[in-house]
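Derivation of every value follows stated rules applied to the coordinates shown; laboratory data play no part. Predicted, not measured: the structure shown is a model, and the values here were computed from it. All Cβ positions, even for glycine, are placed from backbone atoms using ideal geometry, and neighbour counts span all protein chains on display.
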Amino acid sequence: MKKLLAILLALSMILAFAACGTPKEEPAPVVEPEPETPAVDLTILYEADDSMINTYTVMAVNPNAPFVDADGKAVADVKLNNVGAEALVNWLLSEEGEKLAADYGFAEYGEYLFYLKDGRPVSTAEIPMATEETKAIRLSTTTSVNDSGLLGYLLPIFEEKYGYAVEVYSAGTGKAIANAKAGNADLILVHSKKQEEAFVTDGFSYVVEGLEAERNSYMYNYFVLCGPSADPAGVKSCADVKTAFKAIADGKFAFVSRGDNSGTHTKEISLWPEDLAITVEADSVKDYDWYTYSNAGMGVCLSMAEETGAYILSDKATFLTFVANGGVTQ
């Protein structure tokens, strides 16, 4: 019996020693994930100024216009698809087309990219189905409605419903209008009031039946002043957008301009201090080494500004698309 007790005592001591000698496993430390670095540093620094509203206008091209090429020489034998042009104009201005434009982007980006104007024209015209003769429509337009993805969203709906095929020429407003003046477009969708009015005055547009004017301005968004998040010019705290542009110029901070006579370009030059004498001409900025005259579309310019840490004026729709897609456009 004593022998058995001794064995049991020895075993209990061994077990106790083993339990005490085995270190407890510590739980693995919780590693907090490092915050993700935004794919795009470029950010909106100034917006919602009344002078930064960006209005879009659709116009059909007059088949009897005095068409000219880039050198100003008359162009003969221009053939336009006015049936197709009017079909697209009327659809864009219909309740369906306008609602689709107004709703575009909210589900994906959490913000509306375009807004409908109060008092805008609304078309109730019946839209004809395409025929072999009227199927192909040439639309000359600004890069913002293309780079923002709006046209890529709207046109397939129109084409599937009515059987048309829309060929899009996308450039700055100046080039888009010049393309139409050469007889290479059936309609235009642009955003530069002064250039639009000249287009009408020079006889290149006409009043589509059922509408009241050649120029049909129906939607808008905003221009936004963007720049590096560090904002070295301090534009975010400026009282108004013209003061912000002056701060950039005074400090000679890098700025990327469209430089393409687009609606965005013409808006931008109107915001610089007058004594800088900046115009749409490249020579007007040749002595400003901080100013990049790019002669490129909005998406390309945003990429340039991101890469160089520069300021830039953009339409808001294209900028939001650029950021949401990690620094690229449609």
Practice problem: Mind listing the long-range amide H neighbours of LEU45? Cut-off is under 5 Å, sequence gap 5 or more, other chains count too, H placed in the peptide plane at 1.01 Å from N. | Solution: LEU225, CYS226, GLY227
Quiz item: Per q in 0.24 1/Å, what log10 I(q)/I(0) does a Debye calculation on the alpha-carbon atoms of segment 252-330 return?
Solution: -1.16
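Can you list the DSSP H helices in the chain whose Cα atoms extend at least 20 Å along the helix axis and whose mean Kyte-Doolittle hydropathy is 0.0 or higher? Present the calculation step by step, with values, prior to reporting the outcome.
Details: long enough: 2-21 (28 Å, 1.95).
Sorted by number, the helices that extend far enough and score high enough are 2-21.
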Quiz item: About the Cα centre of the chain, what is the dipole size in debye to 20, counting +1 per Lys and Arg Cβ and -1 per Asp and Glu Cβ, all else neutral?
Solution: 1060
Quiz prompt | Gap separating the Cα centres of segment 161-194 and segment 229-278, nearest whole Å | solution = 28
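Between GLU160 and THR201, what is the FRET efficiency for a Förster distance of 41 Å, r being their Cβ-Cβ separation, to the nearest 0.05? Can you show the working numbers first?
On the way: r = 37 Å, r/R0 = 0.90.
The pair GLU160/THR201 has a calculated efficiency of 0.65.
Compute the signed sum of charges (Lys and Arg +1, Asp and Glu -1) over the other residues within less than 12 Å, Cβ to Cβ, of PRO273.
Numbers: positive: LYS242, LYS246; negative: ASP250, GLU274, ASP275.
Surrounding charge for PRO273 is -1.
Using a 10 Å Cβ count of at most 10 others and DSSP loop calls, identify the longest part of the chain lacking such trypsin sites (Lys or Arg not before Pro). Mind dumping the intermediate values first?
Values: sites that count: LYS24, LYS73, LYS79, LYS286.
Formally, the longest exposed-site-free interval is 80-285.
Diagonalise the Cα gyration tensor of segment 179-235 and give the resulting equivalent ellipsoid semi-axes, square root of 5 times each eigenvalue, largest first, whole Å. Don't skip to the answer; put the middle values down first.
Values: eigenvalues 238, 39, 20 Å².
Equivalent ellipsoid semi-axes, largest first: 34, 14, 10 Å.
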Practice problem: Subtract the Cα-Cα distance of ALA136 and GLU96 from 0.36 nm times their separation in residues, and report this length gain in nm to one decimal. | Solution: 12.2 nm
Quiz item: Between LYS252 and GLU209, what FRET efficiency comes out of the Förster formula 1/(1 + (r/R0)^6) with R0 = 56 Å and r the beta carbon distance, rounded to 0.05?
Solution: 0.55
Quiz item: If you average over every viewing direction, what projected area does the convex hull of the Cα atoms of segment 48-102 give, in nm²?
Solution: 6.3
Quiz item: Quick one: Kirkwood hydrodynamic radius for segment 117-168, alpha-carbon pairs, angstrom, one decimal?
Solution: 12.6
Quiz item: Cα-Cα pairs above 22 Å in segment 123-247: how many percent?
Solution: 51
Exercise. For LYS117, go through the lysines and keep the ones whose alpha-carbon is under 29 Å away, minus same-chain ones fewer than eight residues off.
Key: LYS99, LYS161, LYS175, LYS181, LYS193, LYS194, LYS236, LYS242, LYS267, LYS316
Quiz prompt | Sequence-distant residues sharing a close amide H with MET219 (under 5 Å, placed H) | solution = TYR56, LYS117
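Once fully extended, how much extra length lies between GLU281 and SER294, figured as 0.36 nm per residue of separation less the alpha-carbon to alpha-carbon distance?
Values: separation 13, 0.36 × 13 = 4.68 nm, distance 1.17 nm.
Gain on stretching GLU281 to SER294: 3.5 nm.
Which is the longest run of the chain containing none of the GluC sites (Glu not before Pro) found in DSSP loop states (not H, G, I, E, B) with at most 16 other C-beta atoms within 10 Å? All intermediate terms of the calculation are to be shown ahead of the outcome.
Working: sites that count: GLU25, GLU36, GLU47, GLU111, GLU126, GLU132, GLU133, GLU209, GLU212, GLU281.
Here the longest run is 134-208.
Once every DSSP H run of n ≥ 4 in the chain is given -39500 (n - 2.57) and the sum is divided by its residues, what mean residue ellipticity at 222 nm do you get, rounded to the nearest 500 deg cm²/dmol?
Numbers: 12 runs with 118 residues, N = 330.
Using -39500 (n - 2.57) per qualifying helix, the result is -10500 deg cm²/dmol.
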Quiz item: Between PHE106 and VAL78, 0.36 nm times their residue separation minus their Cα-Cα distance comes to what?
Solution: 6.0 nm
Quiz item: When all C-alpha to C-alpha distances in the chain are sorted into bins of 10 Å, what percent of pairs does each bin hold, rounded to whole numbers?
Solution: 5, 23, 27, 18, 9, 3, 2, 3, 3, 3, 2, 1, 0
Quiz prompt | For TYR169, residues with placed amide H under 5 Å, excluding near neighbours | solution = LEU139, SER140, THR141
Quiz item: For segment 109-124, what does the Karplus curve 6.51 cos²θ - 1.76 cosθ + 1.60, with θ = phi - 60°, yield as ³J(HN,Hα) per residue in whole Hz, taken in order and with x for Gly and Pro?
Solution: 10, x, 9, 6, 8, 9, 10, 8, 6, 5, x, 5, x, 10, 8, 10
